[in-house]
Amino acid sequence: MAILVLAVPAVTALGFLVPAWRRGMLWAAAASALVSLAAAIALATTVVRTGPVSALGGLLRADALSAFLLVVISAVAVPATLATPGHFAAETAAGRATERTAARHGLLVHLFLAAMTLAVLAANLGLLWVSIEATTVVTAFLVGQSRTRTAVEAAWKYVVICSAGLALALLGTLLLGYASGHAGGGLDLAGLAAGASGLDSGVTRIAVTLLVLGFGAKAGLAPLHAWLPDAHSQAPAPVSALMSGVLLAVAFYAVLRVKVVSDAALGAGFARGLLTVMALASLLVAATLLLAQRDYKRMLAYSSIEHLGLVSFGAAVGGPVATAAVLVHVLGHGLVKAVLFLGAGRVAQGTGTSRIDRVRGLAARGPVLAGCLGAGVLALAGMPPFSLFASELGLARAGFAGGLGWATAIVLVLVLVVAAALAGHTTRMLLGDPPGGPGAARAPVTVPRATRVALAVPLVAGAVLGFWTGPLSSLLHAAASAGGGAS
């Protein structure tokens with residue numbers, strides 16, 4: 001089953017190379033994402049019942065934490081791929097894309113999904129690093145897909161900053177391998193966690209710092225966060241949905257794996273301090289820059305920095321409640337951010353602008369789209385009944401109970417600032433008359449049927465998760481333990 005989860009996006013990517021299949025491949029890609037989701041759920045069920053499973057001679061390994069991230073990847077991929085045909089239909093009609101462009105997009109997106117799946121299934125820290133580096137290479141072409149000056153600049157900025165961060169992570173990997181080698185081990189993640197008490201503390205401390213900073217850069221955490229607003233705002237809407245909803249979570253998954261080793265080797269305090277500083281810095285950056293934001297796609301990107309800051313804070317707190325809240329937050333954020341970026345893409349196509357001050361009266365011009373965007377922003381701001389409310393409440397509760405009351409208070413203040421900024425910007429876009437008075441353009445902003453499904457279903461799922469985790473409960477408990485939540 002682990003091999004199937006990896007093979008589905010890889011085989012789908014190959015389908016885009018066949019010219020005769022290109023016309024229908026975008027719809028086939030949505031079916032592929034559904035198959036991946038079913039396979040991920042089946043794998044998660046197996047892991048919960050029987051424990052971790054391995055494949056390809058131990059090269060791949062899936063425990064509960066891996067299985068949970070696979071569900072997140074597939075759950076976000078479904079709406080992103082379902083909305084892609086409509087996105088490219090509008091781009092083609094406007095002369096900004098061709099059938100060949102759409103095929104190249106599909107190929108790169110499914111290579112991207114395959115690379116993230118491999119990262120989550122990697123049993124070895126070295127293979128995990130290689131997989132995350134592969135996502136950088138693939139998504140650089142997706143970010144610069146429009147080939148405008150700003151898109152190409154954003155792609156280069158993304159490559160330079162993320163490569164610098166991953167260079168730090170590579171050095172940390174080598175140092176941790178050196179420490180493990182002297183203790184008779186290697187880079188196997190399970191082996192590193194089991195034998196962490198025998199690692200040299202000085203070398204391990206440096207290695208953990210480099211790894212957290214390096215993988216944190218790919219997760220969009222301060223101080224190496226500057227690539228994220230540019231890349232997310234210039235990438236096509238389905239790609240932005242995947243980058244914000246999944247890529248950041250996969251990168252933070254690597255941080256969680258490193259934290260497990262750090263806690264066993266150095267005690268919980270070292271990683272806690274490092275992650276707390278990065279979390280507060282990320283929240284401060286997001287809150288400050290959101291207040292005066294003028295571009296709604298960049299607004300959503302800065303919101304991603306805020307939410308990864310919350311995830312980092314939850315990981316710093318540790319314990320079963322905080323770790324479970326982190327995982328619920330990752331899933332909820334992925335679903336909501338997919339809705340918002342896909343919706344923002346439709347707004348940009350319908351209005352021709354990404355400027356907040358140039359979008360007015362959206363509720364009258366596109367009530368379905370406006371309703372989904374409004375509900376998505378409420379969810380993003382942590383309003384009930386959505387799952388982000390439940391996860392943020394769990395993080396706050398765990399923070400106060402875990403001896404980080406001062407940091408939790410700062411986090412809550414910054415979250416309120418971000419929520420106020422998001423609500424203010426979005427309200428101005430949804431309500432009122434279009435700019436320019438009576439002669440202004442008032443053409444309706446339409447949404448294709450498949451895109452409506454892609455916008456509505458994740459919102460419903462996010463609302464249900466806010467008060468009922470259902471079959472996910474056992475997986476969450478096991479994943480929280482695998483992520484260090486049992487300590």
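The values are calculated or read from the model by the stated rules, or taken from the named source; none is laboratory data. It should be emphasised that the depicted structure is a prediction, and the values quoted were computed from it without experimental measurement. Cβ: placed from backbone, ideal geometry, glycine included. Neighbour counts: every protein chain shown. The protein model used for the area step is the full one, side chains on, heavy atoms only, and it has no ligands, DNA or RNA in it. Shrake-Rupley method; radii C 1.70, N 1.55, O 1.52, S 1.80 Å.
Could you check the stretch 185-236 for helices (runs of 4 or more DSSP H) lying wholly inside it with 2 or more residues that are more than 19 Å from Y253 (Cβ to Cβ), open to solvent by 10 Å² or more (accessible area, probe 1.4 Å) and at pLDDT 95 or above?
Details: elements: 189-194, 201-218, 227-234.
Counting at least 2 such residues, we get 201-218.
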Subset of the stretch 275-296 (residues that are without any contact (Cβ under 8 Å) to a residue 60 or more places away in the chain and either over 18 Å from L224 (Cα atoms) or open to solvent by less than 30 Å² (accessible area, probe 1.4 Å) (or both)): A292
Count - residues of the stretch 439-457 that are in a loop (DSSP other than H, G, I, E, B), open to solvent by 20 Å² or more (accessible area, probe 1.4 Å) and modelled with pLDDT of 80 or more: 2
Take A119 and decide whether it is touching a residue at least 12 places away in the same chain (Cβ under 8 Å) and touching a helix residue (DSSP H, G or I) at 6+ places or on another chain (Cβ under 7 Å). yes
R272: open to solvent by 10 Å² or more (accessible area, probe 1.4 Å), under 30 Å from L108 (Cβ atoms), out of contact with any His (no Cβ under 7 Å at 6 or more places or on another chain) and part of a helix (DSSP H, G or I), yes or no? no
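Yes or no, residue by residue, for (1) crowded, with 22+ Cβ neighbours inside 10 Å; (2) at pLDDT below 95; (3) under 22 Å from H333 (Cβ atoms):
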| residue | (1), (2), (3) |
| --- | --- |
| T351 | no, yes, no |
| L362 | yes, yes, no |
| C372 | yes, no, yes |
| E392 | yes, no, yes |
| L395 | yes, no, yes |
| G437 | no, yes, no |
Given the criterion closer than 30 Å to A316 by Cβ, open to solvent by 20 Å² or more (accessible area, probe 1.4 Å) and modelled with pLDDT of 95 or more, identify the matching residue among V377, V417. V417
Selection from the stretch 144-184 of residues that are closer than 20 Å to A226 by Cα, open to solvent by 50 Å² or more (accessible area, probe 1.4 Å) and in a helix (DSSP H, G or I): R149, T150, V152, E153, W156, K157, V160, A164, A167, L168
